[in-house]
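Taking it in order: structure first as structure tokens, then the write-up.
The values are calculated or read from the model by the stated rules, or taken from the named source; none is laboratory data. This is a predicted model, so every value here is computed, not measured. Cβ placement follows ideal geometry from the backbone for every residue including glycine, while neighbour counts extend to all protein chains displayed. Areas reflect the complete protein model, heavy atoms only, side chains present, ligands, DNA and RNA absent. Shrake-Rupley method; radii C 1.70, N 1.55, O 1.52, S 1.80 Å.
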Amino acid sequence: MRRVVSSTYPPSTQQPPSTPALARFSRRDPDRFRLTSSQEGDQFAILQLMKHCLYSYDENEFHSQQERPDYDARERLTFRLGNQIIGHIRCVPQQIWLHGMLVPYLRASEFVLAPEHVDVTNVDAFFGCLDESFHHLSGSFIMHRTSAAMAQRLTRFGWIKLSSGFRSIAATEPFLASVRGESTSQTWEEPPRKEAGLWIRLMRQVEADALVALYEKSFQSHQVGTPRTAGMWDWLLRRKAFDALYVAIRGGNKLALDDAIDRIAGYAIVQEGQILEVVTQPHERAVRVPLVNRICSDLYEADYRELRLESSVDDPLHQVLRSVGGTSNSPPGEEILVRMPNAVQQLAEFCTLLHQRAKLRGLELPVDLGVLVDGEKFCIQLSKRKGTLTDGKLGRSYLELSGAQLVRLVLGDLPIEAMVQRGEIQASTQVAVHVASQLFDYSPPWFPAIDTLPIR
């Protein structure tokens, strides 16, 4: 008898243990290691571990995190050998727009393991404990932002690398030449470098409330990014983890205390030659190009040879930068890694939305789409009334995926048609490709870098 996994399939109902330990796991000894939520009394020991493991760790960053409005000491998970803390990872509960819904996830950072305990078995045990503890934590998946070199190493321990479409690069000098009309290879149309009645300058503190209101309006309208309260904005601005924050203002260079907040048409946050965030009023999307032009000009004068942009993958600014291109020796940027210990359950929860998409996009119901994941058979069954996921069945039309590709599929990070053409995904029929392309959009979540910048 097949087990039916549906959008109402209940998650694990196991109660949290009465002890602080979240999980115990080790390939050497099942009682040797344990992962626990930290308490207030553990903070000094964690700080000492961070300073011991990281060559240039700034103690001010540790204390600054404790001032974050939503800080909770329990977000720091400790890996213990007996009572000794030998490892640490910080998992902050967050939300992200995904498939038109706000989805909870955990933003992981500051993963360290004491040097004397670093080996493949212990690292594997650490992440095994994290996966076993996942049902005690509030999130659908875990996200970690790290360097390309570290990302390569972490993929050996179950971390999955998302695509890098959120990032684009342009050489500053050719970009400015194309803006001024001096380039013969310009392939994109852009508004004048200086719009009439638009002033672009660095933000002033008096404009903070207008910035908060602008972000919230854009966040709700464009459905990208993570939610930020006024308190979180105050904390981010006080930290000064970035180099500059530019604002575009209409109707005059100054914004008085009692002025209309809608006069700020947009803003951009810059750090070390990178535009980490560009946000505008919903009706002011065209302001983004003048903002980037001004920032590129300032970076060029500061002797930066490249301009980098991070934004959602569907941002037209990426095409603007990519049409110019970067330099030949561009260093790799940071990578986004994720863990999703129960990807099949997440796919089951997704079936209700898939059923809605099928009806809106004119797919003839009922329709089935099989998914073969590392040899395991599943089938998405969309009837006229509901959508469900069953196991043990595949059907005639199916996709063959790896476990990592299933996670990317759930997160909207799998361009199905392109990957089938490249032979990275096997499809049993063209019907499977067509149905999958209609059901699963390529629209990965965007994780703003400003939320994770260390203090400077």
Residues of segment 285-319 that turn out to be open to solvent by 10 Å² or more (accessible area, probe 1.4 Å) and part of a loop (DSSP other than H, G, I, E, B), as a count: 8
Give the residue, chosen from 172, 146, 226, that is over 20 Å from the mean Cα position of the chain (by Cα), at pLDDT 90 or above and open to solvent by less than 20 Å² (accessible area, probe 1.4 Å). 172
Taking only pairs six or more apart or across chains, which ones have beta-carbon atoms under 6 Å, a first residue in segment 266-281 that is closer than 15 Å to residue 454 by Cβ, and a second residue that is open to solvent by 10 Å² or more (accessible area, probe 1.4 Å) and part of a loop (DSSP other than H, G, I, E, B)? 269/242; 271/242; 271/243
Within segment 422-456, restricting attention to residues that are under 17 Å from the mean Cα position of the chain (by Cα) and farther than 19 Å from residue 412 by Cα, which residue is most open to solvent (accessible area, probe 1.4 Å)? 454
Test: residue 249 is in contact (Cβ under 8 Å) with a residue 60 or more places away in the chain, in contact with a helix residue (DSSP H, G or I) (Cβ under 9 Å, 6 or more places away or on another chain) and assigned to a strand (DSSP E or B): no
For segment 320-351, which positions are closer than 26 Å to residue 145 by Cα, outside any loop (DSSP other than H, G, I, E, B) and of a type outside the set (A, V, I, L, M)? 322, 335, 339, 345, 346, 349, 350
Assuming residue 354 fulfils every condition listed in (1) aliphatic (A, V, I, L, M); (2) outside any helix (DSSP H, G or I); (3) surrounded by 20 or more Cβ atoms within 10 Å (Cβ to Cβ) apart from one, which condition is it? (2)
Which pairs turn up if I take residues in segment 62-80 that are in contact (Cβ under 8 Å) with a residue 60 or more places away in the chain and look for partners that are part of a strand (DSSP E or B) with beta carbon separation below 9 Å, at least 6 apart in sequence or on another chain? 68/92; 70/92; 70/93
Subset of segment 201-221 (residues that are touching a Lys or Arg at 6+ places or on another chain (Cβ under 9 Å) and closer than 16 Å to residue 95 by Cβ): 215, 216, 219
Does at least one position in segment 435-444 carry a residue that is touching a strand residue (DSSP E or B) at 6+ places or on another chain (Cβ under 9 Å), under 30 Å from residue 92 (Cα atoms) and in a helix (DSSP H, G or I)? no
Filter segment 261-284 down to the residues that are among the acidic types (Asp, Glu) and over 18 Å from residue 240 (Cα atoms), then identify the one that is surrounded by the most Cβ atoms within 10 Å (Cβ to Cβ). 284
Determine whether residue 406 is in contact with a helix residue (DSSP H, G or I) (Cβ under 6 Å, 6 or more places away or on another chain), open to solvent by less than 50 Å² (accessible area, probe 1.4 Å) and under 18 Å from residue 356 (Cα atoms). no
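One line per residue, one yes/no per condition, for (1) modelled with pLDDT of 90 or more; (2) closer than 20 Å to residue 449 by Cβ; (3) open to solvent by less than 30 Å² (accessible area, probe 1.4 Å):
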residue	(1), (2), (3)
70	yes, yes, no
83	no, no, no
92	yes, yes, yes
115	yes, no, no
119	yes, no, no
Going by the structure shown, is residue 134 open to solvent by 50 Å² or more (accessible area, probe 1.4 Å), on the phi < 0 side of the Ramachandran plot and either over 23 Å from the mean Cα position of the chain (by Cα) or not hydroxyl-bearing (Ser, Thr, Tyr) (or both)? no
By residue number, the members of segment 357-375 that are open to solvent by 20 Å² or more (accessible area, probe 1.4 Å) and touching a residue at least 24 places away in the same chain (Cβ under 8 Å) are 357, 361, 363, 367, 368, 372, 374
So which residues in segment 320-348 are touching a helix residue (DSSP H, G or I) at 6+ places or on another chain (Cβ under 9 Å) and within 19 Å of residue 139 (Cβ to Cβ), if there are any at all? 336, 337, 338, 339, 340, 341, 342, 343, 344, 346, 347
